[in-house]
Ligand code: CIR
């Protein structure tokens with residue numbers, strides 16, 4: 001049963017932000033996140049996952065990895081399978097090894113990304129039958145080839161996308177709304193990478209809203225995007241907003257802070 005597998009989830013994995021998140025990677029400098037406020041926003045995020053989805057396995061902070069709260073990047077999950085990835089930036093290389101034992105305890109199958117290419121989970125958007133994989137500063141062609149093969153065996157056809165420059169991850173600028181519909185920044189949508197899908201574009205000035213996540217019957221949206229909230233509500237989606245100001249200070253958003261899956 002693959003219908004709806006891209007947004008119907010029963011379980012979640014998340015990792016508490018470390019105090020070292022103040023050293024998290026970010027484009028162009030910018031002020032540090034406040035670890036206490038980040039912790040509070042993360043707790044609200046976890047609560048929302050529990051409310052609309054199900055149990056969240058909350059892993060402890062990893063102080064040696066400032067960006068480890070962004071647990072989406074070292075792995076991909078689909079059904080009873082997890083794929084342990086190779087993140088494409090040196091300070092995050094070790095996150096996969098930290099996460100792997102947890103994956104082994106949850107999933108029937110854990111596949112290590114074959115070869116020596118790099119993929120960040122933030123560059124992969126799964127629909128029910130396709131996998132959009134964005135080449136980026138973190139995800140390379142070798143990684144794409146390896147992941148495409150693995151995902152093919154799980155019933156996904158891979159689509160390669162050239163993520164426009166200045167966009168960190170493919171999913172920085174898009175999110176799934178339902179099996180046929182993708183919410184995207186105008187910049188990403190203009191590449192025509194979503195042909196075959198209905199696309200709803202982020203209103204002008206609200207591009208950061210694009211990193212939303214659909215979980216069961218609810219769309220989680222970053223707070224502070226009133227035009228997007230109204231647009232999505234008008235389209236019939238049930239929207240819940242969450243404050244992600246501290247994640248945004250280190251280039252993170254809603255999708256990066258959990259792995260979402262459905263166990264049989
Ligand atoms: C990084 O640059 O790796 C982190 N500061 C942000 C990662 C955000 N992850 C994501 O969009 N999937």
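Brief remarks on what is shown
- Applying a threshold of 6 Å to beta carbon distances and a minimum spacing of six or more residues, or different chains, the list of pairs starting in region 104-126 at a residue that is without any contact (Cβ under 8 Å) to a residue 12 or more places away in the chain and ending at one that is assigned to a strand (DSSP E or B) reads 104/110.
- A single member of 235, 225 is more than 12 Å from the ligand (Cβ to nearest atom) and buried (at least 20 other Cβ atoms within 10 Å of the Cβ), and it is 225.
- The residues on offer are 232, 212, 221, and the sole one that is touching a residue at least 24 places away in the same chain (Cβ under 8 Å), under 21 Å from residue 11 (Cβ atoms) and in contact with a strand residue (DSSP E or B) (Cβ under 7 Å, 6 or more places away or on another chain) is 212.
- Every pair of residues 6+ apart whose Cβ atoms lie under 9 Å, when the first sits in region 76-101 and is under 13 Å from residue 25 (Cα atoms) while the second is in a helix (DSSP H, G or I) and away from the ligand (no atom under 14 Å from the Cβ): 88/143
- Enumeration of residues in region 177-194 that are more than 16 Å from the ligand (Cβ to nearest atom) and part of a loop (DSSP other than H, G, I, E, B): 179, 180, 190, 191, 192, 193, 194
- Residue within region 195-204 that is part of a loop (DSSP other than H, G, I, E, B), touching a helix residue (DSSP H, G or I) at 6+ places or on another chain (Cβ under 7 Å), on the phi < 0 side of the Ramachandran plot and within 13 Å of the ligand (Cβ to nearest atom) present: no
- Subset of region 2-48 (residues that are part of a helix (DSSP H, G or I) and within 16 Å of the ligand (Cβ to nearest atom)): 19, 20, 21, 22, 23, 35, 38, 41, 42, 45
- Residue within region 136-148 that is assigned to a helix (DSSP H, G or I), within 15 Å of the ligand (Cβ to nearest atom) and closer than 24 Å to residue 208 by Cβ present: no
- Residue 76 vs. criteria touching a strand residue (DSSP E or B) at 6+ places or on another chain (Cβ under 8 Å), crowded, with 16+ Cβ neighbours inside 10 Å and under 25 Å from residue 167 (Cβ atoms): yes
For (1) under 17 Å from the mean Cα position of the chain (by Cα); (2) surrounded by 14 or more Cβ atoms within 10 Å (Cβ to Cβ), each residue gets a yes or a no:
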position	(1), (2)
27	no, no
34	no, yes
38	no, yes
47	no, no
53	yes, yes
56	yes, yes
63	no, no
67	yes, yes
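- Scanning region 238-252 for residues that are within 16 Å of the ligand (Cβ to nearest atom) and either surrounded by 17 or more Cβ atoms within 10 Å (Cβ to Cβ) or outside any helix (DSSP H, G or I) (or both) yields 242, 244, 246, 247, 248, 249, 250, 251, 252.
Yes or no, residue by residue, for (1) touching a residue at least 40 places away in the same chain (Cβ under 8 Å); (2) farther than 19 Å from residue 4 by Cα:
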residue: 173; (1), (2): no, yes
residue: 178; (1), (2): yes, no
residue: 182; (1), (2): yes, no
residue: 186; (1), (2): no, yes
residue: 189; (1), (2): no, yes
residue: 196; (1), (2): no, no
residue: 201; (1), (2): no, yes
residue: 204; (1), (2): no, yes
residue: 207; (1), (2): no, yes
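Readers should treat all values here as calculations from the given coordinates under stated rules, not as data from a laboratory. No experiment lies behind these values; they were computed from the predicted model shown. Positions of Cβ are backbone-derived with ideal geometry, glycine not excepted, and every protein chain shown enters the neighbour counts.
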